[in-house]
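The block underneath contains the structure these notes are about, expressed in structure tokens.
The values are calculated or read from the model by the stated rules, or taken from the named source; none is laboratory data. Predicted model only: the values in this text are computed from it and were never measured. Counting neighbours? That spans all protein chains shown, and the Cβs are built from the backbone with ideal geometry, glycine included.
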Amino acid sequence: MSIFDFLSGQFIDVIHWTDDTRDTMVWRFEREGHEIKYGAKLTVREGQAAVFVHEGQLADVFTPGLYMLETNNMPILTTLNHWDHGFRSPFKSEIYYVNTTRFNNLKWGTKNPIMLRDPEFGPTRIRAFGTYTVRVSDAAKFLTEIVGTDGEFTMDEISYQIRNIIVQAFSRIIAGSGIPVLDMAANTRDLGKLVATEISAVVADYGLSIPEFYIENISLPPAVEEALDKRTSMGVAGDLNRFTQYSTAEAMTAAAHNPAGGGGMGAGLGMGMGMAMAQQMADKDGPWGARPTSQQTSQTPPPPPPVEHVWHIAEGGETSGPFSKASMGRMAREGKLTRQTHVWTLGQDGWMLAEDVAELAQLFTVLPPPPPGA
């Protein structure tokens, strides 16, 4: 092997780049101190651009294709080196590959709520989030304005800045649009176009473009959403009088089927609520649209019966119940309940002996005395 073959082997003669990372925007071809041979082959694939930087100065930009690095297709670099057509020596230049494909499904969102004046709700706050797409539209400008000498520039290094630009533009447009919050969902497409136009003018100075921009959701604070849900529920209920009657009937049904409250207490509560509902229906038009007669309105409804207590029993360190008063009377007759039995009911301050509870003491006095001659 001659000395010329050895020297030619030290020079790079095939330049290309393939990428499977999906987030690399710029990659510098690593020369490791080797010079690029005059006449080397440069491969630029679809979705790429190759930028030559010679002695710190941007020289040429190559679009997709196969190039022989000679003076006839490197006019700017040739001018910088004052080459003539017969020059054949190697040259040292940095080559940056720029990914010009779209970077999809990038997220944006408002870190803090946006203050605005809503025509219906007044001053309020909203949050929003969505996705966007970005691509390099001007490789030379992007390299000089953003990348600099970074040998491997990824999307993460610029996405934060783009998100700030998006949020700033979105906040200004949404606050000045005058669109009610309740109508924004129907106008997200038009709002997205306005925001995309606004941010495209800014990122164009970086050599970037925003081909797609989407607003996925605009939401109110949780407290406002809760109030809005209540307002919606009122609208669905319609007639509040009938809605109240329906709610009362539902409460009666729930109380009757609540085992924790005891059968007696649930029945008493249901009767009391039923009487209250009957009184309300008597005061207003009935559910069937008929007005009460003068005789019905002059009658005073009887008061609701008192709510019957239910009792718990403590024996041997364990409790049982609840038991209705009728059940307690039956246990007293069978000897399972005595005067010295500890009992408790709702509203009672601690456990008490059965004989000390006036309502239960009657159970022991109504028992018949022993028969004559016993």
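Scanning the range 333-369 for residues that are more than 59 Å from the chain's Cα centre (by Cα), closer than 20 Å to Glu318 by Cβ and of a type in the set (Gly, Ala, Ser) gives a single hit, Gly335.
Quick check, is Thr79 outside any loop (DSSP other than H, G, I, E, B) and at pLDDT below 80? Spelling it out, Thr79 is indeed outside any loop (DSSP other than H, G, I, E, B) and at pLDDT below 80.
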